[in-house]
There are 2 protein chains.
Amino acid sequence: MSSEALTRLAEERVDHRFKGLPPDADGLTVGELAAQRRNLFAEADGFTTPVLALSAERLEHNLALMETYAARHGLAFAPHGKTSMAPQLFQRQIDHGAWGITLAVPHQVRVARAFGVQRVFLANELVDAPALRWIAGELAADPAFRFVCYVDSVRGVELMDAALKGSTRPVDVVVELGAGDGARTGVRTEADARAVAEAVAGTATLRLVGVAGYEGEVPQADPERVRSYLRRLVALAADLDKGGLFGRAEEIVVSAGGSAWFDAVADTFAEIPGLSLPVLKLLRSGAYVSHDDGHYRRLTPFARVPEEGALEPAFRLWAQVVSRPTPEQAFADAGKRDAAYDLDLPAAQVVRRGGVERPADGITVTGLSDQHTWLHTEEGADVEVGDWVGLGLSHPCTSFDKWQLIPVAEADGTVVDYIRTYF
Amino acid sequence: MSSEALTRLAEERVDHRFKGLPPDADGLTVGELAAQRRNLFAEADGFTTPVLALSAERLEHNLALMETYAARHGLAFAPHGKTSMAPQLFQRQIDHGAWGITLAVPHQVRVARAFGVQRVFLANELVDAPALRWIAGELAADPAFRFVCYVDSVRGVELMDAALKGSTRPVDVVVELGAGDGARTGVRTEADARAVAEAVAGTATLRLVGVAGYEGEVPQADPERVRSYLRRLVALAADLDKGGLFGRAEEIVVSAGGSAWFDAVADTFAEIPGLSLPVLKLLRSGAYVSHDDGHYRRLTPFARVPEEGALEPAFRLWAQVVSRPTPEQAFADAGKRDAAYDLDLPAAQVVRRGGVERPADGITVTGLSDQHTWLHTEEGADVEVGDWVGLGLSHPCTSFDKWQLIPVAEADGTVVDYIRTYF
């Protein structure tokens with residue numbers, strides 16, 4: 001990556017663009033503010049609610065755990081960058097051994113390239129002509145740039161070929177195998193996969209380098225169905241290899257793995273047979289970096305393999321109680337603009353008042369308005385106007401995307417860094 | 001507002017921060033790109049999907065319509081800026097006669113002040129000490145800055161007073177009257193309102209200038225319940241006035257009005273009796289600026305008063321079909337990161353292929369992933385990989401907040417401006 005571009009992040013000015021930061025930090029650079037080591041909870045230090053914070057210790061724990069996990073299982077790792085869209089985290093993921101970064105749409109590739117990411121796995125079809133021409137330009141300008149994207153239709157191959165005519169380096173593609181009837185993108189049958197692969201072989205602008213899929217969309221997923229789909233994916237790689245369809249590749253990419261089934265991916269990919277070329281077994285899990293207090297806490301494979309470790313939820317959203325109109329109700333100042341709400345509502349975890357933090361007993365989040373948290377309070381729940389409520393979140397992807405500059409705080413509240421996101 | 005700060009927006013560089021813009025525009029200023037008058041639909045002009053566009057004509061129509069509406073009904077207008085968080089739109093709203101801008105949280109006030117908004121109505125309680133100290137600083141530094149926020153508890157008044165000790169100008173506050181049992185913020189009874197008003201009177205740091213409420217939260221809202229609540233609000237203003245509680249004010253603010261009941265607000269506020277001071281009847285509707293194709297299309301008061309005009313949905317989200325794995329399914333490249341999904345899913349409206357636009361017959365949005373639109377296609381629905389699908393959105397607040405620089409396009413696709421947002 002480009003240390004120069006990352007360094008420039010520390011030179012950005014703290015201003016009205018960024019929520020939750022101390023008003024009196026306006027005009028400081030991000031680096032200067034970080035050097036002040038302000039405390040998130042010290043009123044004099046000026047953080048304003050709502051403010052999302054990442055735990056420094058938990059972030060590092062999660063980064064290290066997935067590095068260990070991937071290495072133990074012989075997997076290359078391209079964590080999905082759509083989760084955080086944070087070049088500083090991309091850098092730390094790469095420092096922790098990641099092969100590259102997975103992304104979903106061309107805009108995200110532009111962000112990664114602006115920060116010098118060398119290997120991008122675009123886990124999506126890409127048929128947009130201006131975006132493809134831009135990719136071709138990046139490939140032409142930087143011999144070290146490696147880019148792979150999906151194909152799942154002959155028409156898509158034709159559109160790509162038309163857009164890329166005259167480009168100097170072929171675009172590497174993998175055939176996406178859909179995860180079952182009614183699942184998301186990807187060819188539904190092995191015959192369709194072969195037809196798409198052959199269409200790729202018929203172009204000079206594309207190069208088939210493997211297969212990929214997303215087991216997270218297996219209908220009625222359970223361990224057996226997920227493994228069955230992943231075995232189909234492995235068999236497809238072997239079949240296309242036997243057919244000579246990876247003839248121009250230097251290695252064969254086999255990729256799967258969201259954040260709910262990477263144990264099944266590890267097991268299944270361990271059984272990939274010898275192919276005609278070296279195999280890059282590429283895992284793409286992204287949510288691990290922050291983990292969460294809801295969806296992924298329930299789904300994480302580490303619950304099935306506790307001997308391999310455990311991820312730790314690294315986000316906490318701090319909101320302030322602004323209204324306490326009845327004994328059963330309280331309202332805090334975080335809303336849909338601040339908290340993920342697509343999979344679960346936030347959960348009240350702790351309450352802070354006068355420097356003392358205690359469990360949020362008897363306090364339940366019952367809804368979010370654009371700019372309010374609705375709290376139901378049981379009899380005896382001790383919550384007052386002015387209290388800070390610490391909220392756990394569910395779904396990292398829709399938590400990161402509501403914050404453009406996120407304080408990273410140590411356990412005592414000392415803010416040691418700020419993470420810039422680009423959504 | 002500050003024309004200098006607005007001018008600087010046109011000097012910002014187009015780069016990886018902004019989704020959907022032409023990759024080859026990288027490095028141009030926003031003003032230079034606008035001057036090129038590129039076409040959203042011309043492949044050579046390079047816009048990439050997903051891309052959200054605002055209709056130039058409809059935006060202007062909506063701005064003019066609400067100006068007329070407010071003027072006709074003798075209402076001052078402080079459109080809720082949380083909807084767009086776009087200083088350029090704030091300026092146009094003020095140019096169209098708005099008294100000021102309504103906001104919800106201190107961060108939004110910082111954005112408004114960075115662009116020189118002179119009158120801010122914070123339709124929310126504010127007890128955050130660092131934010132209050134910053135507000136006090138703004139008031140001290142700029143005699144023309146007018147700021148009003150809500151109070152709904154004696155404890156909130158105490159916290160405000162403590163934070164504002166020593167400030168040079170008092171902070172203007174209005175008592176918020178809750179919209180009923182189980183509704184959102186705001187005192188539940190007139191007795192509580194009076195207690196809060198008296199607490200304000202007991203401080204030197206605050207000045208009571210009126211009452212406010214949000215009829216959009218009236219439980220089981222219907223025209224009669226909404227009017228009944230608004231009449232309580234008006235009566236509360238009269239009662240506090242009679243009690244001499246606005247003694248330090250120069251005018252009495254009575255404020256209500258989201259985007260679903262402003263006809264009831266207009267009717268009820270027309271009946272405000274003579275008070276001891278001039279009355280500022282302040283309407284706060286915000287969603288009108290873009291309107292929508294879902295929630296507010298159903299709820300708009302203009303459906304009840306068609307003789308007063310009609311708002312027009314000004315957003316269209318363009319996504320590209322990247323996968324067509326079965327005759328019943330297609331997938332486009334816009335997802336939760338791009339489209340509002342909190343009140344309704346987007347609706348497929350039109351399909352574009354080869355420069356021809358036609359209705360999206362037989363195409364239904366059935367879901368959103370983070371980065372995909374799930375489309376169900378009926379037999380005979382003509383949609384292919386590469387097609388652009390134009391999507392209507394529901395809920396302006398959660399549409400604007402997914403885009404930081406939004407092309408404004410004329411009906412033929414010519415992009416004439418770019419709207420910067422700050423969330």
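The values are calculated or read from the model by the stated rules, or taken from the named source; none is laboratory data. Given the structure is predicted, the values throughout are model-derived calculations rather than measurements. Virtual Cβ from ideal backbone geometry, glycine too; neighbours counted across all protein chains shown. These area figures cover heavy atoms from the full protein model, side chains too; ligands, DNA and RNA do not enter into them. Shrake-Rupley method; radii C 1.70, N 1.55, O 1.52, S 1.80 Å.
Averaged over peptide B:314-321, how many Cβ atoms belonging to another chain are found within 10 Å of each residue's Cβ?
Across the residues of B:314-321, the mean count of other-chain Cβ atoms within 10 Å is 2.
Under a 1.4 Å probe, what is the accessible area of chain A per residue, stated in Å²?
33 Å²
GNM on chain B, alpha-carbon springs under 10 angstrom: the most fluctuating residue among B:Pro23, B:Pro106, B:Pro143 is B:Pro143. Here the Gaussian network model covers chain B, with springs between Cα atoms less than 10 Å apart; of B:Gly116, B:Gly362, B:Gly286, B:Gly362 fluctuates the most.
Rounded to 0.05, the FRET efficiency of the B:Ala191 and B:Leu277 pair, given R0 = 25 Å and the Cβ-Cβ distance, is 0.60. Per residue of peptide B:13-23, the mean number of Cβ atoms on other chains within 10 Å of the residue Cβ is 5.
The loop-placed GluC sites (Glu not before Pro) in region A:107-214, going by DSSP, include none that has at most 12 neighbouring Cβ atoms within 10 Å of its Cβ.
With a threshold of 22 Å on the Cα-Cα distance, the over-threshold entries among B:Lys242/B:Lys281; A:Lys281/A:Lys402; A:Lys281/B:Lys336; B:Lys19/B:Lys336; A:Lys19/B:Lys165; A:Lys402/B:Lys165 are A:Lys281/A:Lys402; A:Lys281/B:Lys336; A:Lys19/B:Lys165; A:Lys402/B:Lys165.
Shape of chain B from the C-alpha gyration tensor: prolate (a/c of 1.5 or more and a/b above b/c, with a ≥ b ≥ c the square roots of its eigenvalues). Each copy carries a label point for A:Glu158 at 7 Å from Cα toward Cβ; from one copy, the others' points are 7.5 nm away, ordered from shortest.
Sort the protein assembly as shown into rounded, prolate or oblate with this rule: let a ≥ b ≥ c be the square roots of the eigenvalues of the Cα gyration tensor; rounded if a/c is under 1.5, and if a/c is not under 1.5, prolate when a/b is larger than b/c, oblate otherwise. It is prolate, given that a/c is not under 1.5 and a/b is the larger ratio. For A:Glu43, inter-copy separations between label points set 7 Å beyond Cα along the Cβ vector come to 6.3 nm, shortest first. In chain A, the longest principal axis of the Cα atoms and the axis of helix A:129-141 are about 80 degrees apart. Given chain A, what percent of its DSSP beta bridges are antiparallel, to the nearest 5? Percentage antiparallel, nearest 5: 55. Taking the inverse of the mean reciprocal distance over all distinct Cα pairs, the Kirkwood hydrodynamic radius of region A:1-44 comes to 11.3 Å. Per residue, the average separation of C-alpha pairs within less than 8 Å and at least 6 apart gives region B:118-285 a relative contact order of 18 percent.
Can you give the FRET efficiency to the nearest 0.05 for B:Ala347 and B:Arg248, using r as the Cβ-Cβ distance and R₀ = 60 Å? E between B:Ala347 and B:Arg248, to the nearest 0.05, is 0.75. Classify region B:83-218 as rounded, prolate or oblate from the Cα gyration tensor: take a ≥ b ≥ c as the square roots of its eigenvalues, call it rounded if a/c is under 1.5, otherwise prolate when a/b beats b/c and oblate if not. Verdict is oblate for region B:83-218. Taken over region B:244-339, the ratio of Cα radius of gyration to 2.2 N^0.38 Å equals 1.72. Once backbone amide H atoms are built at 1.01 Å from N, A:Phe147 has A:Val120, A:Asp172 as its partners under 5 Å, excluding neighbours fewer than 5 places away on the same chain.
Inter-copy label distances at A:Asp26, shortest first and taken from points set 7 Å along Cα to Cβ: 3.3 nm.
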